[in-house]
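First comes the structure, then the notes that go with it.
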Amino acid sequence: IPFQLVIENLGNDVDKVNLPFAQLPSGWTATYTEPSFSLEPMESKTVYLNVNVPDNAYGGNNTIIATIKSDQCPTPPCDEGDFQTEVITFTVYLEEKPDIDLELQTTAGDVTAGNSGTFKVSIINNGNTGETLSLIVEGKRSSWFTILDAEGEVVDSLTTVPGDEFQVSIEVRPPVTQAASDTSAILNVTLSSDSSKSVKLSLPFSVLKSDL
């Protein structure tokens, strides 16, 4: 993406202009067509800041700050901190494309009533938005379930950035009096960027009758 800067020397002396590296979002790169030059009084020059946007850039507003430094100051003689500096801010808007994928890595299989089984689920942020994900198990058997993070802590939310992948464990413990049956629940993951958008994953398993 090229950004145009028109720089003019409105003074009455030769001005040496320097364009330091622009401040960019993480992972972005940029170069000036001419990072330093001199301008005669009343002379102007057009310079371009060429910005490269990475494939994994965040959606939404991204800020770029360009600084223009002069070797002149409003009231000579000039001390080190008195040189004239101008700051220009550019904003690049990228379409937000939230995309969360759920993958069932391991199923709980057959679970004896009164004992526990474990599902392993990968949660992958394939979109370009940072998300705080709300996690909940739904269904008639939802009270049997507990969601745990990689450290074994109980969680009901996760914070992700584009490219992140997390694995959660979902423990299911049918009550000891539960009769044998095939059943399931639903893992519902809701996105913070759009609370109306959620991703769901079925968690099927079989309950075996307890011998107790």
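Just one residue in the set Thr89, Thr177, Thr183 is modelled with pLDDT under 95, surrounded by fewer than 19 Cβ atoms within 10 Å (Cβ to Cβ) and assigned to a loop (DSSP other than H, G, I, E, B); that residue is Thr177.
Go through the residues of the range 137-157 one by one and say whether even a single one is within 28 Å of Gly27 (Cα to Cα) and out of contact with any helix residue (DSSP H, G or I) (no Cβ under 7 Å at 6 or more places or on another chain). Yes.
Quick check on Ala57: is it within 25 Å of the chain's Cα centre (by Cα) and outside any loop (DSSP other than H, G, I, E, B)? No, not satisfied. Being among the hydroxyl-bearing types (Ser, Thr, Tyr), in a loop (DSSP other than H, G, I, E, B) and either at pLDDT below 90 or in contact with an Asp or Glu (Cβ under 8 Å, 6 or more places away or on another chain) (or both) holds for only one residue in Thr118, Thr129, and it is Thr129.
Please go through the range 186-200 and pick out each residue that is crowded, with 18+ Cβ neighbours inside 10 Å and either among the hydrophobic types (A, V, I, L, M, F, W, C) or under 12 Å from Phe145 (Cβ atoms) (or both). Within the range 186-200, Leu187, Val189, Leu191 qualify.
The residues listed here are Ala185, Ala179, Ala108; of these, the one that is in contact with a Leu (Cβ under 7 Å, 6 or more places away or on another chain) and more than 30 Å from Pro54 (Cβ to Cβ) is Ala185. Under the condition of being open to solvent by 60 Å² or more (accessible area, probe 1.4 Å) and within 11 Å of Glu171 (Cα to Cα), the residues counted in the range 106-115 number 2. For Glu103, indicate whether it is open to solvent by 40 Å² or more (accessible area, probe 1.4 Å), part of a loop (DSSP other than H, G, I, E, B) and of a type in the set (D, E, K, R). No, not satisfied. Within the range 151-174, the set of residues being in a loop (DSSP other than H, G, I, E, B), under 18 Å from the mean Cα position of the chain (by Cα) and aliphatic (A, V, I, L, M) comprises just one member, Val161. How do the pairs read when you match residues in the range 33-54 that are under 21 Å from Leu10 (Cβ atoms) with residues anywhere that are β-branched (Val, Ile, Thr) and open to solvent by 70 Å² or more (accessible area, probe 1.4 Å), using Cβ under 9 Å and keeping only pairs 6 or more apart or on different chains? Close Cβ pairs (under 9 Å, with a partner that is β-branched (Val, Ile, Thr) and open to solvent by 70 Å² or more (accessible area, probe 1.4 Å)) amount to Ser44/Val6; Lys45/Val6; Thr46/Val6; Thr46/Thr33; Val47/Val6; Val47/Thr33.
The values are calculated or read from the model by the stated rules, or taken from the named source; none is laboratory data. Given the structure is predicted, the values throughout are model-derived calculations rather than measurements. Note: ideal-geometry Cβ built from the backbone for every residue, glycine included; neighbour counts use all protein chains shown. Side chains included, ligands, DNA and RNA excluded: accessible areas come from the protein's heavy atoms. Shrake-Rupley method; radii C 1.70, N 1.55, O 1.52, S 1.80 Å.
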